[in-house]
Amino acid sequence: MGVLGRAAIAAAVVFLLVGFSAASVGAATPQKAGMAELMLSYNSSNGMIGNSWWQGAVALSTLETYQQATADTSYNYAISNAFNDNKSGDFENSYMDDTGWWGLAWLQAYDITGQSQYLQMAETDANYIHQYWDSTCGGGVWWNTSETYKNAIPNELFLELTAGLHNRIPDDTTYLSWANSEWSWFEGSGMINGSELVNDGLTASCANNGETTWTYNQGVILAGLAELYTATGNSSLLTEAESIANAAISHLTSGGVLVESCEPSSCDQDQQSFKGIFVRDLEKMATTAGTSQFTSFLQAQASSIEANDTNSSNQLGLLWTGPVADLTSYSQASAEDALVASLG
């Protein structure tokens with residue numbers, strides 16, 4: 001064989017090796033592939049992921065959590081675009097939980113960017129929600145401006161948001177006071193039932209209404225307690241959070257995988273987001289507590305999604321145990337949260 005022939009073979013080998021290495025490095029992980037698919041739902045005209053206001057905030061937090069976990073900044077533009085396209089309304093509406101989701105998204109954006117505009121918006125949203133705290137049922141914020149229902153989710157979000165603000169604002173006393181008042185009220189409200197699960201809310205007579213123990217109500221309280229523990233150092237907060245987490249894993253799973261009570265066929269659009277919120281916040285609490293007791297559970301969720309709830313286009317459905325069904329941006333963001341949470 002001539003010199004030129006040998007050179008050609010050598011060049012081909014180098015090309016194959018380099019090409020293989022580059023392909024390996026750039027190979028899409030389940031998290032990366034799931035995020036790319038989610039961003040097909042991004043609307044550049046309004047900066048939103050999907051078509052739901054509150055779930056747009058949740059999906060933005062999915063993106064932010066993905067970025068924090070993987071250091072992939074490919075979608076960083078979506079943070080600033082969502083803010084700039086919608087900031088004129090301060091991300092407030094007549095529902096305190098909607099406002100709370102956006103406040104938390106901006107708190108997370110501040111963590112990522114260090115830009116004060118995001119922290120200031122989170123403060124604005126917390127201050128707005130606090131206007132709807134009163135003495136009915138001994139305290140707590142109302143679900144909406146009509147003041148007809150005191151329930152778990154807006155109060156859990158208010159706890160996480162206010163404790164989180166305290167942890168990021170030097171010399172704060174106001175938000176810590178609000179956070180402590182929120183947890184004191186919530187703990188005594190009766191919404192945490194005898195099984196250590198959080199029911200949906202209170203009756204008009206201020207008793208636990210016995211309504212559904214949605215997965216997200218078990219999740220947001222974990223993140224709220226983690227933030228309050230960071231603020232106070234009170235380890236009993238983590239003890240309570242771990243009890244709620246273990247109760248949820250015990251009661252709200254099938255074969256070790258989360259199943260919403262409305263599955264397989266009666267979940268509405270809102271409920272498609274719930275499980276992802278739980279696992280995202282479980283991972284946050286576990287990291288804060290420095291515990292590995294939930295690691296295998298989080299990995300099991302991702303493994304089931306990869307094996308049973310992912311199609312050839314990397315679309316992720318509602319049913320983490322399979323089959324692939326109800327494909328929306330909301331099911332995509334929720335399952336993506338689980339894939340990211342498994343990274344630890």
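Of the helices (runs of 4 or more DSSP H) lying entirely inside region 58-141, those containing at least 3 residues that are touching a Lys or Arg at 6+ places or on another chain (Cβ under 9 Å) span 96-113, 116-130. Within region 197-223, restricting attention to residues that are under 24 Å from CYS267 (Cβ atoms) and either open to solvent by 40 Å² or more (accessible area, probe 1.4 Å) or among the aromatic types (Phe, Trp, Tyr) (or both), the residue that is nearest to the chain's Cα centre (by Cα) is TYR216.
Within region 120-168, the set of residues being open to solvent by 20 Å² or more (accessible area, probe 1.4 Å) and in contact with a helix residue (DSSP H, G or I) (Cβ under 7 Å, 6 or more places away or on another chain) comprises GLU123, TYR128, HIS130, TYR132, GLY138, TRP142, TRP143, HIS166, ASN167, ARG168. Of all residue pairs spaced 6 or more apart or on separate chains, those with beta-carbon atoms under 9 Å, a first member in region 280-309 that is over 15 Å from ILE221 (Cβ atoms) and a second member that is open to solvent by 60 Å² or more (accessible area, probe 1.4 Å) and aliphatic (A, V, I, L, M) are LEU298/LEU343; ALA302/LEU343. Taken together, THR70, THR124 contain a single residue that is closer than 17 Å to LYS284 by Cα and among the hydroxyl-bearing types (Ser, Thr, Tyr), which is THR70. Out of everything in region 225-261 that is touching a residue at least 24 places away in the same chain (Cβ under 8 Å) and in a loop (DSSP other than H, G, I, E, B), what residue ends up being least open to solvent (accessible area, probe 1.4 Å)? The qualifying residue least open to solvent (accessible area, probe 1.4 Å) is GLU260.
Contact list please: Cβ distance under 6 Å, first residue in region 37-53 and open to solvent by less than 20 Å² (accessible area, probe 1.4 Å), second residue of a type in the set (D, E, K, R) and not in a loop (DSSP other than H, G, I, E, B), pairs at least six apart or on different chains. Sorted first by the residue in region 37-53, then by its partner, the pairs are LEU38/GLU336; GLY47/ASP85. For region 170-182, indicate whether the set of residues that are open to solvent by 40 Å² or more (accessible area, probe 1.4 Å), out of contact with any helix residue (DSSP H, G or I) (no Cβ under 7 Å at 6 or more places or on another chain), within 20 Å of LEU104 (Cα to Cα) and small (Gly, Ala, Ser) is non-empty. Scanning region 170-182 turns up at least one residue that is open to solvent by 40 Å² or more (accessible area, probe 1.4 Å), out of contact with any helix residue (DSSP H, G or I) (no Cβ under 7 Å at 6 or more places or on another chain), within 20 Å of LEU104 (Cα to Cα) and small (Gly, Ala, Ser).
With the requirement that a residue be modelled with pLDDT of 95 or more, open to solvent by 60 Å² or more (accessible area, probe 1.4 Å) and either part of a helix (DSSP H, G or I) or on the phi > 0 side of the Ramachandran plot (or both), what does region 17-36 give you? If the condition is that a residue be modelled with pLDDT of 95 or more, open to solvent by 60 Å² or more (accessible area, probe 1.4 Å) and either part of a helix (DSSP H, G or I) or on the phi > 0 side of the Ramachandran plot (or both), then LYS32 is the only one that fits.
Residues that are small (Gly, Ala, Ser) and more than 13 Å from the chain's Cα centre (by Cα) were ranked within region 264-280; the one that is least open to solvent (accessible area, probe 1.4 Å) is SER266.
The values are calculated or read from the model by the stated rules, or taken from the named source; none is laboratory data. Here the structure is a predicted model, which is why all the values come from computation and not from measurement. Here the Cβ is made from the backbone with ideal geometry for all residues, glycine too, and neighbour counts use every protein chain on show. SASA here: full protein model, heavy atoms, side chains in, ligands and nucleic acids out. Shrake-Rupley method; radii C 1.70, N 1.55, O 1.52, S 1.80 Å.
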